[in-house]
Structure formats: structure tokens, C-alpha cells
Amino acid sequence: MSAQFREANTDMRFAMALAALTPKLRKHAKPIALRSDDGKKVATILRTDTRLAVIVDYKIFPDFGEFVAGQLPGLYRAFQSEKERDSK
């Protein structure tokens, strides 16, 4: 176990474990930090060849992750609708 992992808070340990278990990032791809207007890290976007993960920091924005999760069904329906419209 690395010193960085031992010193990290629970959220960062989870993110580090998730990153270790997910397929390697695309070449030259870096995690993207989504920040609030005041500079707080709201979420991290990780892209691999097979997945895209959005990791929300519950410690800083506890309700944002639940908001995002609640919006996913509607976002998917909007995506499908746009996809169908584009294919016509």
C-alpha cells in the first residue's frame, strides 16, 4: 500500500481503488476535474477504451451525486430521442 493511499481520505481512496480496477485510460487521456465556480472539485471524469465514469465527491457536494443519478434516466431518454431524430 502506497503512502499516498494511506494518507488519502476515504473518497480519494475509493477513487484510487476504482481507477486501479478499471481498464487503463486511453493513451494521453487524463482524468478531467469538474470544478465549481469557486474552484471546488465537484467531480472527476475518467475515460477508458470501454467506460466513462463520473466520480462525485460526496464530502464537498453531498447532494450532487444523487442529483446526477436522478437525472440519468432523463438524459438517456433525451440521448435516444436525439439519436433517433438524427438517423431520419
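Observations, loosely collected:
- Estimated from the Cβ-Cβ distance and a Förster radius of 25 angstrom, the FRET efficiency linking Ala8 and Asp63 is about 0.60.
- The packing ranking of peptides 76-84, 13-21, highest mean first, is 13-21, 76-84, where packing means the average number of other beta carbon atoms within 10 angstrom of each residue.
- For region 44-54, the Karplus equation 6.51 cos²θ - 1.76 cosθ + 1.60, evaluated at θ = phi - 60°, returns couplings of 10, 9, 10, 10, 10, 5, 10, 8, 10, 10, 10 Hz by residue, with Gly and Pro reported as x.
- Count, lysine Cα pairs under 22 Å in the chain, 8 or more residues apart or across chains: 4
- Nearest 10 degrees, 0 to 90: helix 64-86 Cα axis against the chain principal axis: 30 degrees
- Structural size metrics of the chain, computed from C-alpha coordinates, are Rg and Dmax of 15.9, 55 Å.
- With the helix formula -39500 (n - 2.57) applied to DSSP H stretches of n ≥ 4, the chain reaches a computed 222 nm mean residue ellipticity of -14500 deg cm²/dmol.
- Contact order for the chain, expressed relative to its length and based on alpha carbon pairs under 8 Å spaced 6+ residues apart, stands at 17 percent.
Every number here is computed from the coordinates shown, using simple stated rules; none is lab data. The structure presented is a predicted model; accordingly, all values stated were derived computationally and were not measured. Here the Cβ is made from the backbone with ideal geometry for all residues, glycine too, and neighbour counts use every protein chain on show.
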